[in-house]
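Remarks on the structure that follows.
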Amino acid sequence: MGIAETYSRGRRFAVDRPGALLLAVVGVLLVGDLLTGLASGRTAFSDVGSLVWDGLMRGLVIGLAGIGLSMTYSILNFANFAHGDYITAGAFSGWGTTYLLAGLGRADVGSLLLVGAGGSVFGGALGIGITGTPVAVVAGLLVAGVFTIVLSLAVDRFIFRPIRDEDGITLLITSIGVAFALRYMMQFVFGSDVRGTTAQPPAVSLYFVDGAVRINMHDLTLVVVAGGLMLGVHLLLQRTKLGKAMRAMADNEDLARITGIPTERVVRSVWIIGGGLTGVAGYMFVLWKGTLGFNDGWLLLLLIFAAVILGGIGSVYGAIAGGLVIGLTASLSVIWIPSAFARAAAFFVMIIILLVKPSGLFSGRSTA
Amino acid sequence: MSVREDLGNRMPGGDAGLIVAVLVVLYVAYVLAGVGLGYSLRGQLNTVAVLTFYIGAFAMLALALNLHWGYTGLFNIGIVGFMAIGIYVMALVSKPLYQSGGAAQVGGLGLPIVVGIVAGMVAAALLGLVVALPALRLRADYLAIVTIAMSEIVRFSFLSGEFQRFTLFGRRVGFGGGSGLILDFTDPLQAFFETFGLWNAYLGFVDAFGAIVPTNPKPVVDGLVYGLVLLLFVAAYYWLLKRTGESPFGRVLKAIREDEDVANSLGKDTNQFKIKSFMLGCALMGLAGILWFMTQGAVTPNTFRPRITFFVWIALIIGGAGSNTGSVLGGAVFAAVLYQGPRYFKNLVDAALPSFNAPSSFGPAVAPLLSNLNPAPLFYYTVDSIRQLQLVLMGLVLIWLMHNRPEGMLGHRKETAAGIPLTSPRTRTAATDGSTGGDEGGRPTDAEGGEGGERDE
């Protein structure tokens, strides 16, 4: 191992992968800019800390919602564009429940079930939060998960199953139809206004070098729920036969069926796990950011796609890791570019990843 | 031989005859509905003008998408981004120079409209190149995600304050940000006629039209003439794409659609072909965006949401990917039935029940139904929110089509690959097929079983 060998290897890398090299240079420049900014006091440590925390939270939501998308993508072989509207549907069902439990007796049932459509009830006025109304929040969380499971199973039964054997593009186009039908049905029922859903949660300020990073109770709830569910999915896929069957199906469906794996039952399990996680993610997303609108899921969907592709389609860890990277990118990018382009930056990272490593970071590890 | 094909062959005038027949049916339906409601002549003419406008716009967009998806197999779901680039760049070039005190916050470069249109098309094609270079190497579903992400990036960019106002060549220009951009260039129709020195003749024609519509005939005539101009553009698109499809270039595109590896192994640089096809389609989408929005007076970035892309895709799928005639028909049927139809229906209800008072949200609409079985408020609310429900309807139509008729009305029709007719005029069945054996073409559905078997033998 001489210097010459290292040199020639480096040179080969530079010739073979100019894109990756360019990317590395850009990355080093950005980090260098950040470090000089921190050293010169141009950028405050606490600001960066707040952005990192914000990005982590966003990443947890994206990762949690991404697991379901990643699983259906690898096992059913299509990009489900209705996934974003499953998120919204879960959020509306869960928040309807939370409003009902938190506000029973203080407002009429209809307005509560419609999550205060048309400004009839306000979540802040009901004092909704994990500390203020813990029972309502936990019940809403469960309802969101269960409702989304039922919804995704119903959609699968009546819409996706009859055309299961078609190619991925046919299913993709169909899922776009599902997405629009669901989204505008929700707008029809719940209205188009973005409503505030929570009261101000209690928060702690952590001292960080030159300022404070605020962490509130909803952030911590998100960490607990998302972390717990991710661990649960990990154990489920690693320790049970279902996980093995799913990996087999993702690899080769015909072979899996021949060896006696009940593929339709596995598909149903995929929708149950994925749908449940998606609904919970939708509910937690709204709890964390404190507002709810009928477009939320759709706007999140492209970031989720970015995360899933970044992590490698079919990989659960990839979805989580990709979610964190995309969340951090969307949050931290405002250090260097105007905040209007934060979401554009996340898409841009996805496009770069598609160029440099189209199979994703955790490629070839389907559903494990 | 299926009924569909039989109809196509028997129709006098062939494809053009079919298109005209469908258009006549749609117009007659609209006019009859108007007559039934006692619309004035002015109202009828306006209805016809608006209908023509949307038929033209969707037919153009469906034709451009057909080049991408129907011919080359490129899954582009970022159409609206190319339209936005087209109209915004066109506005930047053609808006008059900035003058303080005017209504517009920013000016343009003050160049003629034709220059602006060309600039808009070039910009859309260049954006297509930027998207295509990385994305064409990817799988179809990745291209889909990249293109839709691109269209959202375009929308965010126009929304951002950074591009609201800037200086270009020493001029104060910009895209207006979230509050929109006023399109204060010369009326395109006026510019069009002035180019040929016909503006005064046109004004004379408008005056003569006053015999039919006595008061203020100009807006009515403008609408009708602009609709006609759009239909001329549709014809031009059709001709261009037909020529492209029948050229050696187009044959390679179809080969790529069917099997890219085969085309590659025959020595065709498929990436080159795909990029050219993609750029051409993007330029055409940019032009369609310009023609759609340049008479609207102002544009805001949030007009360019992905739902317009979704509209165009439904139009293409209704008509049938792979067929230019189908694209035009799909655009016309979509515009008349799914896009304008529900809105027209709302107008009909408004006219029939002039005094109805729709509830403001779903709660008050449902409450009377539950408490004393009074469905009227829910009905009024439904009619009032028809613009949302028509998207639900479109989604369901799309699902239905993908289940039952994924090839649309005229999709994957047999197209002769050779430049000269291969059969004697009396037997017209032996034309070569662009799709036999392909994944999409060989699908043995019940309706198509007989035809597919005949085709394969």
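Observations, loosely collected:
- Filtered residues of region B:298-310 (kept if of a type in the set (A, V, I, L, M, F, W, C) and part of a loop (DSSP other than H, G, I, E, B)): B:F304
- Qualifying residue in region A:192-199 (condition: among the small types (G, A, S) and either within 14 Å of chain B (Cβ to nearest Cβ) or within 20 Å of A:S74 (Cα to Cα) (or both)): yes
- In region A:60-84, the residues that are within 14 Å of another protein chain (Cβ to nearest Cβ) and within 27 Å of A:D219 (Cβ to Cβ) reach residues that are of a type in the set (F, W, Y) and surrounded by fewer than 24 Cβ atoms within 10 Å (Cβ to Cβ) with C-beta atoms within less than 8 angstrom, at least six apart or across chains, in these pairs: A:G84/A:W298.
- Listed here are the helices (runs of 4 or more DSSP H) enclosed by region A:98-170 that have at least 3 residues being over 24 Å from the mean Cα position of the chain (by Cα) and within 11 Å of chain B (Cβ to nearest Cβ): A:109-113.
- Number of the condition not met by B:F169 [criteria: (1) farther than 22 Å from B:Q296 by Cβ; (2) surrounded by fewer than 16 Cβ atoms within 10 Å (Cβ to Cβ); (3) in contact with a Pro (Cβ under 9 Å, 6 or more places away or on another chain)]: (3)
- Residues located in region A:294-313, provided they are away from chain B (no Cβ under 13 Å) and either out of contact with any Asp or Glu (no Cβ under 8 Å at 6 or more places or on another chain) or modelled with pLDDT under 85 (or both): A:D296, A:G311
- Within region B:264-277, tally of residues that are assigned to a helix (DSSP H, G or I) and within 20 Å of B:P134 (Cα to Cα): 9
- Criterion violated by B:T295 - all others in (1) surrounded by 24 or more Cβ atoms within 10 Å (Cβ to Cβ); (2) not small (G, A, S); (3) not in a helix (DSSP H, G or I) satisfied: (1)
- Selection status of B:T186, surrounded by fewer than 17 Cβ atoms within 10 Å (Cβ to Cβ), away from chain A (no Cβ under 14 Å), closer than 18 Å to B:V299 by Cβ and in contact (Cβ under 8 Å) with a residue 60 or more places away in the chain: yes
- Test for B:L316: is it among the aliphatic types (A, V, I, L, M) and within 14 Å of chain A (Cβ to nearest Cβ): yes
- Taken over region B:335-357, the residue count meeting the criterion of being at pLDDT below 75 and either among the small types (G, A, S) or under 22 Å from B:L398 (Cα atoms) (or both) is 1.
- Condition broken by B:V89, with the remaining ones in (1) within 30 Å of B:A135 (Cβ to Cβ); (2) part of a helix (DSSP H, G or I); (3) touching a Phe, Trp or Tyr at 6+ places or on another chain (Cβ under 8 Å) satisfied: (3)
- In region A:189-211, the residues that are in the same structural domain as A:G119 (by TED's automatic domain parsing) form Cβ pairs under 9 Å with partners that are surrounded by fewer than 12 Cβ atoms within 10 Å (Cβ to Cβ) and assigned to a loop (DSSP other than H, G, I, E, B), at six or more places apart or across chains, as follows: A:D210/A:G41.
- Taking region B:155-169 as the range and being within 14 Å of B:T303 (Cα to Cα) and at the interface with chain A (Cβ under 9 Å from one of its Cβ atoms) as the test, the residues that pass are B:F156, B:S157, B:L159.
- Exactly one residue out of B:I117, B:I153 is more than 30 Å from B:F196 (Cα to Cα), in contact (Cβ under 8 Å) with a residue 12 or more places away in the chain and either assigned to a helix (DSSP H, G or I) or of a type in the set (F, W, Y) (or both), and it is B:I153.
- Listed by position, the helices (runs of 4 or more DSSP H) enclosed by region B:311-405 that each have at least 1 residues that are of a type outside the set (K, R), closer than 20 Å to B:V234 by Cβ and in contact (Cβ under 8 Å) with a residue 24 or more places away in the chain are B:324-333, B:340-352.
- Unique match (being surrounded by fewer than 24 Cβ atoms within 10 Å (Cβ to Cβ) and either in contact with a Pro (Cβ under 7 Å, 6 or more places away or on another chain) or among the β-branched types (V, I, T) (or both)) among B:V80, B:V48: B:V48
- Answer residue from region A:272-293, given it is at negative phi and touching a strand residue (DSSP E or B) at 6+ places or on another chain (Cβ under 8 Å) and is surrounded by the most Cβ atoms within 10 Å (Cβ to Cβ) among those: A:V286
- Here A:L328 clears all of (1) modelled with pLDDT under 85; (2) surrounded by fewer than 21 Cβ atoms within 10 Å (Cβ to Cβ) except the condition numbered (1).
- Neighbours by Cβ (under 8 Å, 6+ apart or cross-chain): first from region B:243-272, free of Cβ contacts under 8 Å to residues at least 60 places away in the same chain; second surrounded by fewer than 14 Cβ atoms within 10 Å (Cβ to Cβ): B:A255/B:V262; B:A255/B:L266
The values are calculated or read from the model by the stated rules, or taken from the named source; none is laboratory data. Owing to the predicted nature of the structure, the values given are computational and were not obtained by experimental measurement. We place every Cβ from the backbone using ideal geometry, glycine too, and count neighbours over all the protein chains shown.
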